[in-house]
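Participant: Please see the structure below; I have some questions.
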Amino acid sequence: MPDGPIVLFDGVCNLCNWSVRFIIRHDPKAHFRFAPLQSDTGRRLLEPRGLCSDPPQSMVLIEGDCCYTQSDAVLRIAKHLGGLWRILVVLYVIPRPLRNRLYALIAGKRYKWFGKKDSCMVATGDAASRFLQ
């Protein structure tokens, strides 16, 4: 497994794919690696952590032995991106149940609001090397 954090995402969700492209754009040092939750790699990474990819309801961030889901994953990613994005960590003052309720609301409506693809995102160009096989 590569060094650095791994972001697992819903590969058919347009919002999730946009989020991955956003992270790539704002991560010039290529700190993050990626894999769709639906992929064999995604399932292999989730299983020992007691998480399931079906249905994919959360972005997952794996950092070493630690695993973050829902709003915790989003806020930790923002912290790693640095710059102005790091300011989002102030949202940690909001109790996790409230943050995750909002996260769950968006996750539950993401296909309706943002649409979905028929198959998982395929990375191209320089970003392709950041996706785990």
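Participant: Looking at (1) in contact with a helix residue (DSSP H, G or I) (Cβ under 9 Å, 6 or more places away or on another chain); (2) assigned to a helix (DSSP H, G or I); (3) at pLDDT 90 or above, which is the only condition residue 127 fails?
Facilitator: The failed condition is (3).
Participant: Kindly list, by first and then second residue, each pair from a residue in the stretch 73-89 that is more than 14 Å from residue 25 (Cβ to Cβ) to a residue that is outside any helix (DSSP H, G or I) and polar (S, T, N, Q), limited to pairs with Cβ atoms under 8 Å and residues at least 6 apart or on different chains.
Facilitator: Between residues of the stretch 73-89 that are more than 14 Å from residue 25 (Cβ to Cβ) and residues that are outside any helix (DSSP H, G or I) and polar (S, T, N, Q), the close pairs are 73/58.
Residues are listed down the side, and each one gets a yes or a no for (1) closer than 16 Å to residue 130 by Cα; (2) surrounded by 20 or more Cβ atoms within 10 Å (Cβ to Cβ); (3) out of contact with any strand residue (DSSP E or B) (no Cβ under 9 Å at 6 or more places or on another chain):
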site: 24; (1), (2), (3): yes, no, no
site: 58; (1), (2), (3): no, yes, no
site: 98; (1), (2), (3): no, no, yes
site: 104; (1), (2), (3): no, no, yes
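This table checks each residue for (1) modelled with pLDDT under 90; (2) hydrophobic (A, V, I, L, M, F, W, C); (3) under 16 Å from residue 13 (Cβ atoms).
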| site | (1), (2), (3) |
| --- | --- |
| 57 | yes, no, yes |
| 90 | yes, yes, no |
| 114 | no, yes, yes |
| 117 | yes, no, yes |
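Participant: If we only count helices (runs of 4 or more DSSP H) wholly inside the stretch 1-81, which ones have 1 or more residues that are closer than 19 Å to residue 100 by Cα and more than 10 Å from the chain's Cα centre (by Cα)? Step through it out loud before you land on a result.
Facilitator: Numbers: elements: 14-25, 40-46, 70-81.
Helices (runs of 4 or more DSSP H) meeting the threshold: 14-25, 70-81.
Participant: Criterion first (at positive phi, exposed (fewer than 13 other Cβ atoms within 10 Å of the Cβ) and either touching a residue at least 60 places away in the same chain (Cβ under 8 Å) or under 16 Å from the mean Cα position of the chain (by Cα) (or both)) does residue 125 satisfy it?
Facilitator: no
Participant: Mind listing whichever residues of the stretch 39-93 are over 19 Å from residue 104 (Cβ atoms) and among the aliphatic types (A, V, I, L, M)?
Facilitator: Within the stretch 39-93, 45, 62, 81, 84, 87, 89, 90, 93 meet the criteria.
The values are calculated or read from the model by the stated rules, or taken from the named source; none is laboratory data. It should be emphasised that the depicted structure is a prediction, and the values quoted were computed from it without experimental measurement. When we count neighbours, we look across all protein chains shown, and the Cβ atoms used for this are built from the backbone with ideal geometry, even at glycine.
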